[in-house]
1. Just flag the trypsin sites (Lys or Arg not before Pro) in region B:11-114 sitting in loop per DSSP whose Cβ has no more than 13 other Cβ atoms within 10 Å.
2. Would you mind working out the magnitude of the charge dipole of the protein assembly as shown relative to its Cα centre, with +1 at each Lys and Arg C-beta and -1 at each Asp and Glu C-beta, to the nearest 20 Debye?
3. Under 8 Å for C-alpha pairs, at least 6 residues apart: give me the relative contact order for region B:57-113, rounded to a whole percent.
4. Among B:S94, B:S62, what is the fewest-to-most ranking by other Cβ atoms within 10 Å?
5. If every alpha-carbon in chain B counts as one equal scatterer, what log10 I(q)/I(0) does Debye give at q = 0.13, 0.20 1/Å?
6. If every alpha-carbon in the protein assembly as shown counts as one equal scatterer, what log10 I(q)/I(0) does Debye give at q = 0.18 1/Å?
7. Taking the DSSP beta bridges in region B:1-113 as the whole, what percent of them are antiparallel, to the nearest 5?
8. What number does chain A give for Rg over Rh if you use C-alpha atoms and the Kirkwood radius?
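Readers should treat all values here as calculations from the given coordinates under stated rules, not as data from a laboratory. What you see is a predicted model, and the numbers here were worked out from it, not measured in a lab. With ideal geometry, Cβ positions are generated from the backbone for all residues, glycine too; neighbour counts draw on all protein chains shown.
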Amino acid sequence: GESVGLHLPTLSVQEGDNSIINCAYSNSASDYFIWYKQESGKGPQFIIDIRSNMDKRQGQRVTVLLNKTVKHLSLQIAATQPGDSAVYFCADYTGANSKLTFGKGITLSVRP
Amino acid sequence: DTGVSQNPRHKITKRGQNVTFRCDPISEHNRLYWYRQTLGQGPEFLTYFQNEAQLEKSRLLSDRFSAERPKGSFSTLEIQRTEQGDSAMYLCASSLVGTGYGYTFGSGTRLTVV
């Protein structure tokens, strides 16, 4: 079936550095691609999304890039902070079936 | 309104027992979703409601699982004759039709079957 997957299971970065988390997807019919952050004992928290007809979107300290040619999604976090330590998931949403499909999580660890 | 609320936060039960979880969505949201998440994995879709109607169920939702949303507000997820493989985090999310996917997730109910 369709899937959304992450390339690496863990990422360790130095505080203040930029982080880049990558994701591959397979469903070309997705309407949105979304990044979620999940802290221990909590539900997924929305970070940023991008519509399928866009290739870049910026938020506060975060940027999402979408490359439809190679079906690749990335999340860039500028000036990574200890509070960014969490598990990050990419997900896609298709309005036709009204469901989010998540990939496996990647753990971001920020070194002080 | 403080977001999506799930109760209990944690549940430990013996194999073979029945358990029931509750989700209170954001009040104006008419869609409600249940997802299951195992350690290290992303959440997997189980079922969703629009108002009181259950519109779709995943193949993951075996006959032992039943979900209801009787008045189109809160929802319950019941698991009968629990098995160790049912141990997971059960997440609820809600959204408003017409606002894109606009999910808001609750903090989940952590089920441990011993």
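1. Numbers: sites: B:K11, B:K14, B:R15, B:R22, B:R31, B:R36, B:K57, B:R59, B:R64, B:K71, B:R81, B:R110; in loops: B:K14, B:R15, B:R59, B:R64, B:K71, B:R81.
Within region B:11-114, the qualifying trypsin sites (Lys or Arg not before Pro) (loop, at most 13 other Cβ atoms within 10 Å) are B:K14, B:R15, B:R59, B:R64, B:K71, B:R81.
2. Working: 25 positive and 20 negative charges, 75 e Å.
Around 360 debye, computed over the protein assembly as shown.
3. 28 percent.
4. Details: B:S94 25, B:S62 12.
In order of increasing Cβ crowding within 10 Å: B:S62, B:S94.
5. -0.44, -1.04
6. Here log10 of I(q) over I(0) equals -1.33.
7. On the way: 34 of 38 bridges.
Of all bridge pairs located within region B:1-113, approximately 90 percent are antiparallel.
8. Numbers: Rg = 13.4 Å, Rh = 14.0 Å.
For chain A, the value is 0.95.
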